[in-house]
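Contents: one structure, followed by commentary.
The values are calculated or read from the model by the stated rules, or taken from the named source; none is laboratory data. Since the model is a prediction, treat every value here as computed from it, not as a measurement. No Cβ is skipped: glycine too gets one built from the backbone with ideal geometry, and neighbour counts run over all protein chains shown. Just so you know, the surface numbers come from the protein's heavy atoms only, side chains and all, with ligands and any DNA or RNA stripped out. Shrake-Rupley method; radii C 1.70, N 1.55, O 1.52, S 1.80 Å.
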Amino acid sequence: MYLMRLAEPADIAAVRALVLARSAWLEERQMPSWRASADDVAGQAENTDGSMWLLTHEGSGKVVGCTTVQRETPPWGWTEQELAEPADYLYTTITDPAERAQRPGTFIALWAVDRAARSGRAWVRRGCMFPGLVRYYETQGFRLIHQVQRTHHLVYLMAREAEQLSSVTAAVRTQAPGLPLSPPAAASPKPSPEA
C-alpha cells in the first residue's frame, strides 16, 4: 500500500535522489532530464505552503514519487471561464524509474483527481512539453485542452474532471497535518485510469 503525504525539510535528500534517478533514466534514452533542476525541485520540500506531496511505500517510507499541487491554474493558456473554475494544478511530478512496473505516476495522478473531488474542486490540470507525456497522461484520463507557444517551447495543457475514485483510496492512503490518516482499505494491485 502507498501513502501520500506532505513533504518536509527532512525529505530534501530523498527528493533529490529521486530526481537524479529519473534524470539518469531519461538521459540513457537521450531525453531531456531534470538534472539541472534537482536542487530546485528538492528545495520544494522545504516550502511550508503544503504544496509538495510525496508518494511513499507505507511500510518502509521509501519515496517513490513526488508532485506539487497548486490551488490556482497558471494564468497563461487558459480562458477566463476556465480560470474561474475551481481546479488543482499538478506540476513537477517525478517518479522512481525502478518502480515503473507499479505505475506510481498513475497512482499520483488519480490520487490528485480523487483528492480534488473530495475537496470541492472541479478539475485537475497539468501541462507538459512532450507529445509522449501527452499520450501517457491520456492513459490516466486527461484530455488535451490547449496547445500554447511559450517562448521556445510548445506547451500542451491538459485537464481531467475531478471525481472520487474508490480504486485509488483502496491503494493510497493520505496523511496531512491536522487530519487523521485515511483509513486502510483492501489493496488494489493497479489503479484503473478510468475508474
If ligands, DNA and RNA are left out, what is the accessible area of F142 with a 1.4 Å probe, given in Å² to the nearest 10? 0
Cα extents of region 80-165 along the three principal axes, largest first, in whole Å? 40, 36, 18
Using only helices, what value at 222 nm comes out for the chain when you add -39,500 (n - 2.57) per DSSP H run of length 4 or more and divide by the total residues, to the nearest 500 deg cm²/dmol? -8000 deg cm²/dmol
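Ignoring ligands, DNA and RNA, please state the percent of accessible area on the chain from carbon and sulfur, probe 1.4 Å.
The computed percentage sits at 53.
For region 21-79, report the convex hull volume of the alpha-carbon atoms normalised per residue, in Å³, without decimals.
On the way: hull volume 8.5 nm³, N = 59.
Cα-based convex hull of region 21-79, divided per residue, equals 144 Å³.
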Between the residues S51, T73, L165, the Cα farthest towards the positive end of the dipole of the chain, that dipole coming from +1 and -1 charges on the beta-carbon of Lys, Arg, Asp and Glu, is from L165
Sparse-neighbour loop sites [trypsin sites (Lys or Arg not before Pro); region 133-162; at most 12 other C-beta within 10 Å; DSSP]: none
Full-extension gain between Q70 and Q175, please, as 0.36 nm times their residue separation minus the C-alpha to C-alpha distance. 36.0 nm
Hey, can you find the accessible area per residue of region 10-69 for me, probe 1.4 Å, expressed in square angstrom? 48
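Just subtract the alpha-carbon distance of A17 and M1 from 0.36 nm times their residue separation and send over the number in nm, one decimal.
Using 0.36 nm per residue and subtracting the Cα-Cα distance, I get 3.6 nm.
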Could you check the simple spin-label distance between R100 and E161, using points 7 Å along Cα→Cβ, in nm with one decimal? 3.4
Over the alpha carbons of the chain, what is the largest minus smallest coordinate on each principal axis, giving the biggest first in Å? 43, 38, 32
